[in-house]
Amino acid sequence: MEKIASFTVDHDRLGRGMYVSRVDGDAVTYDIRMKKPNGGDYLSTGEAHTIEHLFATWARNSEFRDSVIYVGPMGCRTGFYIILRDSVSRADAIRLVRDSFRFIADYSGEIPGAKASECGNCIDHDLLGARRVARELLPVLEGWTEDRLEYGV
């Protein structure tokens, strides 16, 4: 079988940040890299699960709600993907992600969609950890620009 595109990215050189992972027609996949690949520090399942609920809730309630296709974690537990329609400019995609992580960093209260009737694993959440991870990523995202969206730049 052919190697898929995401396995051709040199993860040894990849740092924390936001990258365009792929473009498929009008769908743009962004790689939100929250942890350094193979760095020994990974998202716990509780952190990732809570970030997923909060990130998806914020993005799907934002001004870009109709352009959000998917928000979800990477299996390697180093980050998330958000897939947006290409009608969202790259600058606006950065702003959406940055605003989402500000929301997560400051969030308190009941985790949206975390009741047993709403979630398949309602007990595996870590709000404090999710907030900490978001706070750690925010300084990276604050200075992120469109020209840095390409892997290796």
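Any read-out appearing in this document is the output of simple, stated calculations on the displayed coordinates, not a laboratory observation. This structure is a prediction, so every number in the text was calculated from the model and none was measured. Counting neighbours? That spans all protein chains shown, and the Cβs are built from the backbone with ideal geometry, glycine included.
Placing pseudo-labels 7 Å out from each Cα toward the beta carbon at VAL20 and SER89 gives an inter-label distance of 1.4 nm. Close amide H pairs (under 5 Å, H built 1.01 Å from N) link ILE69 with ILE83, LEU84, ARG85, residues at least 5 positions away or on another chain. Our coupling estimate for region 43-58, obtained by passing each phi through the Karplus curve with A = 6.51, B = -1.76, C = 1.60 and θ = phi - 60°, is 5, 6, 5, x, 4, 4, 5, 5, 4, 4, 4, 6, 4, 5, 4, 4 Hz, Gly and Pro reported as x.
Rank the residues TRP58, TRP144 as a footprinting-exposure proxy: fewest other Cβ atoms within 10 Å of their Cβ go first. Provide the component values of the computation, followed by the final result.
Details: TRP58 22, TRP144 16.
By the 10 Å Cβ count, ascending: TRP144, TRP58.
Here TYR70, TYR42 are placed in order of increasing Cβ neighbour count within 10 Å, fewest first, which gives TYR70, TYR42.
Database remark: amide H of TYR151 closer than 5 angstrom to the amide H of VAL20 (H placed geometrically; neighbours at sequence offset of 5 or more, or on other chains; Pro and chain starts carry no H). The HN-Hα couplings worked out from phi for region 59-67 by the Karplus form 6.51 cos²θ - 1.76 cosθ + 1.60 (θ = phi - 60°) are 4, 7, 10, 7, 5, 9, 3, 6, 10 Hz, whole numbers, x standing for Gly and Pro. What residues of region 43-71 lie in the reach of a label at ARG132, counting those whose backbone N is under 14 Å from a point 7 Å from the Cα along Cα→Cβ? So the set is 43-48.
How much FRET efficiency would the formula 1/(1 + (r/R0)^6) give for ASN61 and LYS36, where r is the Cβ-Cβ distance and R0 is 30 Å, rounded to 0.05?
0.50
Suppose every K and R has +1 on its Cβ and every D and E has -1 on its Cβ; what is the size of the dipole of the chain about the Cα centre, in Debye to the nearest 20?
Dipole magnitude for the chain comes out near 280 debye.
Across the chain, the longest run free of exposed loop sites, meaning trypsin sites (Lys or Arg not before Pro) lying outside DSSP classes H, G, I, E and B with no more than 13 other Cβ atoms within 10 Å, spans 14-114.
Just check region 67-110 against the gyration tensor rule for me: Cα atoms, a ≥ b ≥ c as the square roots of the eigenvalues, rounded for a/c under 1.5, and otherwise prolate or oblate depending on whether a/b exceeds b/c. Please list the in-between numbers first.
Numbers: a/c = 2.04, a/b = 1.24, b/c = 1.65.
In terms of gyration-tensor shape, oblate.
Measuring r between the beta carbons of PHE7 and GLU146 and using R0 = 35 Å, the FRET efficiency lands at 0.90.
3J(HN,Hα) couplings calculated from phi for region 83-93 with the Karplus curve 6.51 cos²θ - 1.76 cosθ + 1.60 (θ = phi - 60°) are, in sequence order, 10, 10, 5, 6, 5, 8, 5, 5, 5, 5, 5 Hz; Gly and Pro show x.
Cysteines in the chain that lack a partner Cβ within the 4.7 Å cut-off: CYS76.
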